[in-house]
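Take a look at the structure set out below.
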Amino acid sequence: MMNTPHRLPLLGMVFAASAITMPLAMGAQTQVKTESGPQSSAQPASTTQAQPAQGARSQAYFHAAMAGVYEDQAMNTGRPEFVQHAIEEYKAAINADPTSPQLYNGLADLYFRTGHSHEAETTVRELLKNSPDDLDGHKLLGHIYLRQLGEQQNAGANAQPSSNTVDQAIAEYEKLVSLDPNSVESHMVLGQLYLAKHQQPKAEAQFQIARKLDPESEEVILNLARVYAENNNLDQTAKILESVPEADRTPRMEFTLGATYDQMKRPKDAIAAYKRANDLQSGDPQTLNALAQALLNDNQLDEALKQYKDLAAADPETADPLVNISEILRRQGKYEDALVAIRKARKITPDDLKAGYDEGLLLDVLGRYDESARVYEKMLELPTLFHANGAYTADEKTNRSIFLERLAAVYHEQGKTDQSVAIYQKMIDLGGDAAIRGYQGQVDVYRESKQYDKSVEAAHAAVAANPKNRDLKLALADVLVDAGKGDDAVAAAKSTLNNTPDDRGVWLEITQINIRLRRWKDAEDSIAKADTMATKKEERINVLFLRGELADKQKHLEQAEGYFKQVLDLDPNNSLTLNYLGYMLADKGIRLPEAVKYIRKAVEIDPTNGAYLDSLGWAYFKLGEYELAESNLRQAVDRSQTDPTVHDHLGDLYEKTGRIRLAAAQWELSLANYAKSTAADIEPGEVAKVQKKLDTAHVKLARQENTDGTGNNKP
């Protein structure tokens, strides 16, 4: 549904015959008289007959010449009767000279070119009975099978070529490469046929032979690259293309190389390749789109924006460039401009799912929650996303669940807990992965609304409905901590261990539980177990992040920073780590410009995350940038109304800027939310600090009233 990375272009199977095609409509069979008499019922004689006499050879020559005349007339006039005349003349010629391969090939070729594949195949097979190594006959038979494969592919979107036809085509081209081993075309077609059978080693061997025969062939190089790409060997794909000197590469080679670099997550190399392709073939829309996307992937936002604006200007009726322009503007923080762009795109394609998704997201970012909800509600009424009978394909379920999830999130941000839970229930009704996310969404909404009894109840219901799902069991363990049942939480998580590599995730969850319970030694032990099982990049990132969090909770600042920076070395766009590291520095009041840089990037990645907005506002507050601080902190309060820390921060901002009454109101909200919070989520001493600030504010307000003498409270 959403923007996706460019894939390596696949070179289509050569299922269209290379022989000349002549689209002539065939009418009714016509009896034709020639010098040799009526021939409408003539059949080719067996090729096993003796050599014809001289007179018969003359007759054969005459009829063959007449067949050629009729073929020319058919081509010039398009009249089907001339095709039939030519067929009858070929049959007469074969009756006169049944040993001539040229006549059989001529008749078979005529059948083939006029759409009579079955008759062509029958004629060629008659020829090959007597001349089994006839090169032209095998070529034509190969073309016949390729045409059949093409027709099968074009029969429908889901049609698959017949395995039997592929096998027949392979047999013919294997024969052809044995008869004519220097034919590049035959080796190429055979290689593509092997690919259709998923026989990559055989395909590679044929393409390598073709490359030796024609080292500079574009088709050979691209097909060889395709073999490695389909085998997920991207390094070898790139090497094949790179082996061609830059000066000798074609636009298609450079484009394919760029697409390969895209898949290898090498955006700078992809950009260079696409630019070379554009230099060779300027203005190709596919290349310019790929270049713009690569620039976007490399965070060269201004350059990408320029490319997409050029594409939009060149084709104002196409929505895709506008969708990408909107995304770039959003990432640049130009939300209003981004909204204008996405609405232009929606006017062009009102039912486009990505454009609709992005419009709702931008309205959410701008805090226009009612409008955002309406966009998602209307999208969910589209025929592509809603069926009254509740029957959805797998893709439709995925798309519908994505929009339901966004709508539920907007309702949650508005404080509409019941409506949010109801939307998550619709995800549950879809079943499968959507249901799992729906259950998790319900648990999270209740937790963040501090309705802990309901979150535990929802988690139990989720596990009861999915007793084999480990993730939901771990979610239940997590909410047991909220309920003050720490030991039960650890036991519930450990009950899911089963001595498989999946235990790594369980030990990470147990670590998080132990951190929340401030059981530092237990957390060290559980994360060490997870660490021994972490082999993949993402697994290492999760372990390092938790090590950083554990170090931070124990006030080991330098150690925590080291772990977080290791995460960012592996994944520079890890928003969770960017936010945590930035907030940690800001809260300590150190290296504040660096802290802002980290957090701003996190907000760019996830602009609706209330915790990230709070971190950014707090960092600006520490810097003394009070206007920026207030803007972000107020947005954070809107999105995280039950978070006591967010209210505390906004209270500090109001107090610093002389608005004591507003500050007191925020601190009261902070204390009210602390009172509803679970003990595991309250840092020691935090409640007392807020209470002290509130008490001081009340004293100041009382003094203001006494000084004012009117009883009218100042802000």
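No lab work stands behind these numbers, since they all come straight from the coordinates. A quick note: this is a predicted structure, and the numbers were derived from the prediction, not measured. Note that we place each Cβ from the backbone using ideal geometry, even for glycine, and neighbour counts take in every protein chain shown.
Here's the picture: charge each Lys and Arg Cβ at +1 and each Asp and Glu Cβ at -1 in the range 281-353, and of Gln332, Asn289, Ala313 the one pushed furthest to the positive end of that dipole is Gln332.
For the residue pairs Lys268/Lys347; Lys239/Lys306; Lys268/Lys537; Lys553/Lys693, alpha carbon separations beyond 26 Å are given by Lys268/Lys347; Lys239/Lys306. Look at the dipole of the chain built from charges on Cβ: of Ser100, Gln300, Ala629, the Cα furthest out on the positive end belongs to Ala629.
Quick one: order Val690, Val646 by neighbouring beta-carbon count within 10 Å, fewest to most.
Val690, Val646
Only Lys, Arg, Asp and Glu carry charge here, each on its Cβ (+1 for the first two, -1 for the last two); on that basis the range 301-438 has a dipole of about 200 debye about its Cα centre.
Quick one: net charge around Ala629, please, counting Lys, Arg +1 and Asp, Glu -1 for every other residue with C-beta under 11 Å from its C-beta. Don't skip to the answer; put the middle values down first.
Working: positive: Lys622, Arg634, Lys656; negative: Asp614, Glu625, Glu627, Glu630, Asp652.
In short, -2.
Among Glu174, Glu317, Glu89, a tally of other beta-carbon atoms within 10 Å of each Cβ gives an order, fewest to most, of Glu317, Glu174, Glu89. Seen from Ile348, the other residues with C-beta closer than 14 Å to its C-beta sum to a net charge of -2, counting Lys and Arg as +1 and Asp and Glu as -1.
In the chain, taking the dipole from charged Cβ atoms about the Cα centre, the farthest positive-side position among Leu241, Ser401, Leu474 is held by Leu474.
Remark: for residue pairs Lys450/Lys521; Lys139/Lys202; Lys265/Lys536; Lys354/Lys397, the C-alpha separation exceeds 26 Å in Lys450/Lys521.
Taking packing as the residue-averaged number of other Cβ atoms within 10 angstrom, the listed peptides 496-506, 324-334, 413-423 run from highest to lowest as 324-334, 413-423, 496-506. Evaluated with a Cβ-only charge set (Lys, Arg +1; Asp, Glu -1), the chain carries a dipole of roughly 1780 debye about its Cα centre, given to the nearest 20. Each peptide in 383-393, 515-525 gets a packing score, the mean of other Cβ atoms within 10 Å over its residues, and the list from highest to lowest is 515-525, 383-393. Computed extension gain for Glu317 through Lys588, at 0.36 nm per residue and net of the alpha carbon distance, reaches 92.3 nm. The stretch between Ala422 and Ser243 holds 58.7 nm of extra length on full extension. This uses 0.36 nm per residue minus the Cα-Cα distance. Counting other Cβ atoms within 10 Å as a rough exposure proxy, the listed residues Leu407, Leu557, Leu380, Leu581 run Leu557, Leu380, Leu407, Leu581 from fewest neighbours to most. Mean separation of Cα pairs under 8 Å and 6 or more residues apart, divided by the residue count, gives the range 271-312 a relative contact order of 35 percent. Put a plus charge on the Cβ of each Lys and Arg, a minus charge on the Cβ of each Asp and Glu, and nothing anywhere else: the dipole of the range 149-254 about its Cα centre is then about 280 debye.
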